[in-house]
Structure formats: C-alpha cells, structure tokens
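Trainee: What follows is a single structure, and I will ask about it in a moment.
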Amino acid sequence: MSVTTRSAESSRSDRGFLGHPTGLSTLFFVELWERFSYYGMRAILLYFLVDTAANGGLGIDEATGTSVVAIYGSAVYLLSVLGGYAADRLVGARRSTLYGGVVIMAGHLSLAVPATPTAWLGIVLVALGTGLLKPNISAIVGRLYADDDPRRDAGFSIFYMSINLGALFSPLVVAFLRDRFGYHAGFSAAAVGMGVALVWFVLGRRTLRGAGDDVPNPLGATERRRLPLLVLGAVVAVALLVALASTWRDSVLLAVIDAISVLAIATPVAYFVVMFRSRKVDDQERTHLAAYIPLWVGAVVFWMIFEQAAGKMALFAQERTVTSVGGVQVNPEWFQSVNPLAIIALAPLFGLLWVRRAGRFPSTPMKFTIGVTLIGVSALAMAWAFASYQGNTSPVWVLGGVFVLQTVAELFLSPVGLSATTRLAPTAFASQAMALWFLATAAGQAVAAQLITAMSGLGDSTYYLVNAAITLVVAAAMLALVPWVRSRMASAEVTTV
Ligand code: GLU
Ligand code: ASP
C-alpha cells in the first residue's frame with residue numbers, strides 16, 4: 001500500500017475541518033494566501049508596466065504591456081507542466097509546493113525593489129514558482145481522500161472558495177497601498193501574503209498526514225544523470241526560439257512573447273499526439289480523448305477572453321470608467337474583486353443546481369457550450385462598451401456587469417472542466433490530466449497575447465468583436481458536436497471514476 005493510500009485511509013475518519021480531513025484547512029489557508037499574492041500582484045501589473053517612469057512604472061506601450069500580462073499568465077500555466085514533472089518524478093507534490101512558495105515569495109520581494117531589472121526578475125520568479133505550486137497544491141487536495149471517499153468533490157468546492165477569498169481581498173489591499181505609497185508597496189503586500197502562506201504550510205505539515213510526500217514515478221539512475229543535460233537543452237531551446245523570433249520582431253520583449261506563445265500552443269498539441277499514439281492507451285480511451293478535444297478547444301477560447309480581466313478590462317477600468325461614485329473614489333483595481341465576490345455568492349447555488357439536475361439537461365458538453373457562448377456574449381458587451389465610452393465616463397455597472405456575466409460563464413465551465421478532464425483522460429496519463437487542463441489556460445492566453453499585438457492598431461472595440469466572432473463560431477461548432485461528445489463520454493461515466 002502506498003504512502004498516499006495509507007494516509008487517505010486514515011483520513012476517512014478525520015473530520016476536523018468542516019467535516020473534512022484537517023489537512024484541508026492547511027491547504028485552504030495556504031491557497032488563500034497564495035492566490036491573495038497572485039491576484040494582488042496581477043491587479044496592478046498592467047498599470048505598473050504601462051505607467052511612465054516618472055510615476056514609478058516601466059513606460060511600456062499599452063499594446064505590448066497588455067500582451068506581456070497575457071503571456072505572463074500563459075507562462076504561469078505552461079510552467080505547471082514542470083510543476084507536475086517535479087512532483088511526479090523528482091521531489092513529490094508537497095515539496096514542490098513548498099519550493100514553489102519560496103520562489104514566488106522571492107519573486108514578490110524582487111518586485112518590491114524599485115528598479116527595472118528586479119521587476120523583470122520578479123515577474124519571471126512568480127511565474128516559475130506558481131508553476132511549481134499551483135497544480136500540486138490541488139493534487140494534494142485530491143490525495144487527502146481515499147479514492148471512493150464521497151467527500152472529495154465537496155472538498156474541491158471548499159478549496160475553490162479559498163482561491164476566490166484570496167482573490168477577493170488582495171486587489172482591495174493592493175489598491176490601497178498602491179494609491180498611497182506606489183507600486184512597489186503594492187507588490188510587497190503580495191510578498192507578505194505569500195510569506196503567511198509559507199509559514200502556514202510549514203507549520204501545518206503534519207495535518208497532511210504524508211499526502212503528497214511520495215514521488216510516484218521517481219527518475220531512474222541514468223535519467224537522473226541526464227537531468228542536468230535535459231535542463232540545459234530546454235534552456236538552449238528557449239533561447240534559440242527567442243533568437244529566431246527576434247528575426248521578425250523588433251524588440252526582445254516581443255520576441256519573448258512569440259517564443260512563449262509557440263511553446264504554449266505546441267505543448268498541449270504534443271500532449272494530445274503522445275496520448276493518441278501511446279500503446280498504453282486503448283481504443284475506448286482514445287474515444288474518450290477524442291470527445292475531450294472539443295471541450296478543451298472551448299476552454300482555450302474561454303480563457304482567451306476571461307483572462308483579459310487583468311488586461312483590456314483593467315485598462316477599461318482605469319481609462320473609461322468613472323473615478324468616483326457619490327463622492328467616493330473608485331480604484332480601478334476594485335473591479336478585480338467583482339469576479340471572486342460573484343463566485344463566492346453564486347458557486348453554492350450552481351453546486352446545488354448541478355446536484356438537483358444530475359443526469360439531466362445540461363450535460364457536460366452542453367454546460368461547456370453555454371459557458372463559451374456566454375463568454376462570447378461578454379466580449380460583444382466589451383466591444384459595445386469600448387465603442388460607447390471615451391474618457392472616464394462609463395458607470396461602474398457596465399464593467400461590473402460584464403464581470404458578473406463572465407462569472408456565470410466561468411461557473412458553467414471551470415469547475416466542470418477539471419472533473420471532465422479527470423474522467424476522460426487515459427489511465428496511463430491520469431496524473432497529467434491536471435496539466436492538460438491548465439494548458440488550455442496557457443494556450444488561451446498565448447492566443448490572446450498574439451491577437452493583442454497583431455491588432456494593436458485597430459482599437460479595443462474591434463479587438464473584442466474579433467474575439468466574440470471567434471468564440472461564437474467555436475460555440476456553434478460545440479453545440480453541433482454535443483450529441484457526438486455525449487455518446488463518446490457515456491462509457492466514461494461507468495468505467496472510470
Ligand atoms: N481562477 C482559478 C484559479 O485561479 C482557475 C484558473 C484556471 O483554471 O485557469 O485557480
Ligand atoms: N474566479 C477566478 C478563479 O477561481 C479567480 C479570479 O479570476 O479572480 O477561480
């Protein structure tokens with residue numbers, strides 16, 4: 001019996017946190033503070049990149065800055081592949097989470113130093129550390145439970161709340177600090193958040209009862225010897241890709257954006273090809289994998305629009321929305337809190353609805369289709385908003401309303417997505433399923449980064465119209481494919497978890 005199973009067995013009687021294993025409380029608060037730091041930093045990242053040097057910013061033009069934010073988001077989720085590898089083959093999920101936390105904190109501290117090179121170093125470190133931490137902390141949640149423990153889904157719902165609680169409060173705190181003391185004070189709040197998360201994780205280690213301590217598929221001796229070479233090879237490959245991209249781009253920054261975009265799109269494609277061709281995958285699993293593709297593509301266009309929350313939508317908040325309501329100053333960062341607040345309010349309702357309607361309309365592919373359609377409609381709303389308001393004239397309900405609409409879309413797709421992924425992934429690739437799901441977010445933001453630079457001369461309204469068109473075409477194709485996906489998914493309901 002593996003360490004994980006043993007710890008999960010003993011957790012069955014552990015009901016220390018809201019009827020769940022006590023370890024969940026540790027992971028809950030660690031993820032809360034980690035997301036506090038992630039979303040707090042992200043709330044001011046674009047403003048920092050595009051603000052003038054005199055104001056403490058980096059003075060990058062708006063299109064490039066927005067593209068950098070998208071590619072940063074893409075890199076975070078792309079690096080979760082490395083996080084998964086580190087956990088499965090090198091150090092285990094718990095240590096990977098811990099090391100990731102240390103790297104993230106170093107990143108935020110680096111960002112707190114008011115200088116340009118340390119700012120870039122900080123951004124790279126936060127992306128790297130988040131890649132190590134994010135997929136693994138979720139994986140440990142799963143391992144707190146025995147395979148057939150009925151509390152598992154509810155455990156993930158509680159965990160989802162911690163993400164959104166952290167995301168709700170940090171933009172408010174960071175906005176306050178940025179407003180009074182500047183960007184770097186804002187970034188230091190993120191460092192403090194991550195510091196709290198780390199201390200909590202170290203102190204709470206015993207509550208995890210060994211979950212995530214094991215290395216499921218350790219490297220053999222020869223592989224271990226080859227590892228430094230592999231790392232070197234990867235670094236050289238990325239450098240070559242950037243060098244190649246600089247032949248058609250006129251700045252290093254744009255070349256880096258292109259290089260990461262290529263990787264973020266090529267990696268998931270390679271994942272699918274390897275899974276389809278693997279001898280460890282049987283015919284039925286191939287059928288499931290085929291059914292998963294339309295869902296995954298839907299998720300790509302979904303995140304392409306959704307993750308503009310900290311990009312184009314953040315610019316709309318700063319440049320086109322009123323700056324005060326009834327004499328109260330409105331900070332643009334506050335809008336970043338609308339989505340997590342709406343998630344906290346609406347997620348329990350949706351959870352209840354899905355339980356009540358289990359086995360009836362809407363099926364999983366239909367929920368995805370609705371989620372993608374709604375995000376497409378939200379893009380149309382943004383196209384209208386950008387065309388309608390110049391200067392700081394838009395009432396707060398416009399952007400606030402779009403955020404709520406996007407939250408409803410998110411609830412149709414995001415929580416459903418991971419469970420569909422785990423159900424449809426071939427057994428031999430089960431532990432990679434989480435990475436594949438996060439790669440949809442990476443690819444979506446890579447596409448966004450490319451569209452932003454390609455359409456930089458066309459205006460934001462046109463940008464959103466093009467996004468809406470792409471998304472609604474994908475949604476129509478998904479709708480047409482619903483019966484096809486359902487029939488292929490049917491056997492997955494019985495044979496796997
Ligand atoms: N907003 C969620 C989080 O930060 C989900 C992100 C995703 O799956 O891409 O955890
Ligand atoms: N709702 C996002 C994630 O849970 C958080 C955010 O975008 O602020 O779930």
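Trainee: Within segment 422-442, identify whether any single residue is at pLDDT below 95 and β-branched (V, I, T), and answer yes or no.
Mentor: Within segment 422-442, one or more residues are at pLDDT below 95 and β-branched (V, I, T).
Trainee: Further question: When segment 237-284 is examined, which residues are found to be of a type in the set (V, I, T) and more than 25 Å from Q432 (Cα to Cα)?
Mentor: Matches in segment 237-284: V242, T247, V252, V256, I257.
Trainee: Turning to a different aspect of this structure: Report, by residue number, each residue of segment 32-74 that is among the hydrophobic types (A, V, I, L, M, F, W, C) and within 16 Å of ligand 1 (Cβ to nearest atom).
Mentor: Result: L32, W33, F36, M41, A43, L45, V69, A70, I71.
Trainee: Going through segment 102-142 one residue at a time, which ones are under 30 Å from A154 (Cβ atoms) and over 16 Å from the mean Cα position of the chain (by Cα)?
Mentor: The answer is I140, V141, G142.
Trainee: Within segment 293-322, how many residues turn out to be of a type outside the set (S, T, N, Q) and within 16 Å of ligand 1 (Cβ to nearest atom)?
Mentor: The qualifying residues number 18.
Trainee: I'd like the full set of residues that are within 13 Å of ligand 2 (Cβ to nearest atom) and of a type in the set (A, V, I, L, M), limited to segment 377-415.
Mentor: Those that are within 13 Å of ligand 2 (Cβ to nearest atom) and of a type in the set (A, V, I, L, M): V404, V408, A409, L411, L413.
Trainee: I've got another one for you. Taking segment 411-436 as the search range and keeping residues that are under 17 Å from A290 (Cβ atoms) and hydrophobic (A, V, I, L, M, F, W, C), which one is farthest from ligand 1 (Cβ to nearest atom)?
Mentor: Among residues in segment 411-436 that are under 17 Å from A290 (Cβ atoms) and hydrophobic (A, V, I, L, M, F, W, C), the one farthest from ligand 1 (Cβ to nearest atom) is A428.
Trainee: Hey, could you check segment 432-443 for residues that are among the small types (G, A, S) and closer than 23 Å to R279 by Cα and say which is surrounded by the most Cβ atoms within 10 Å (Cβ to Cβ)?
Mentor: Only one residue fits best here, namely A435.
Trainee: Of everything in segment 323-347 that's among the hydroxyl-bearing types (S, T, Y) and away from ligand 1 (no atom under 16 Å from the Cβ), which residue is nearest to S74 (Cα to Cα)?
Mentor: Within segment 323-347, the subset among the hydroxyl-bearing types (S, T, Y) is 323-324, 337.
Narrowing further to those that are away from ligand 1 (no atom under 16 Å from the Cβ): 323-324.
Numbers: T323: 31, S324: 33 Å.
Going through the qualifying residues, I end up with T323.
Trainee: Please pick out the residue among G83, G131, G155, G142 that is over 20 Å from F429 (Cα atoms) and either assigned to a helix (DSSP H, G or I) or modelled with pLDDT under 95 (or both).
Mentor: G155
Trainee: Could you say whether any residue in segment 462-471 is aromatic (F, W, Y), surrounded by 20 or more Cβ atoms within 10 Å (Cβ to Cβ) and within 16 Å of ligand 1 (Cβ to nearest atom)?
Mentor: No: segment 462-471 contains no residue that is aromatic (F, W, Y), surrounded by 20 or more Cβ atoms within 10 Å (Cβ to Cβ) and within 16 Å of ligand 1 (Cβ to nearest atom).
Trainee: Within the set of pairs 6 or more residues apart or between chains, which connect a residue that is touching a residue at least 60 places away in the same chain (Cβ under 8 Å) inside segment 164-179 to a residue that is within 13 Å of ligand 1 (Cβ to nearest atom) and acidic (D, E) with Cβ atoms less than 8 Å apart?
Mentor: G166/E31; G166/E34
Trainee: Looking only at segment 143-172, count every residue that is more than 14 Å from ligand 2 (Cβ to nearest atom) and either under 14 Å from the mean Cα position of the chain (by Cα) or crowded, with 21+ Cβ neighbours inside 10 Å (or both) and tell me the total.
Mentor: Our first condition is that a residue be more than 14 Å from ligand 2 (Cβ to nearest atom); within segment 143-172, this holds for 143-155.
If we keep only those that are either under 14 Å from the mean Cα position of the chain (by Cα) or crowded, with 21+ Cβ neighbours inside 10 Å (or both) too, we end up with 143-145, 155.
Within segment 143-172, residues that are more than 14 Å from ligand 2 (Cβ to nearest atom) and either under 14 Å from the mean Cα position of the chain (by Cα) or crowded, with 21+ Cβ neighbours inside 10 Å (or both) number 4.
Trainee: Just one of the numbered conditions (1) closer than 27 Å to L263 by Cβ; (2) out of contact with any Phe, Trp or Tyr (no Cβ under 8 Å at 6 or more places or on another chain) is not true of A476; which one?
Mentor: It fails just one condition, (1).
The values are calculated or read from the model by the stated rules, or taken from the named source; none is laboratory data. Remember, predicted model here, so these are calculated numbers, not experimental data. Ideal geometry is used to build each Cβ from the backbone, glycine not excepted, and the neighbour counts take in all protein chains shown.
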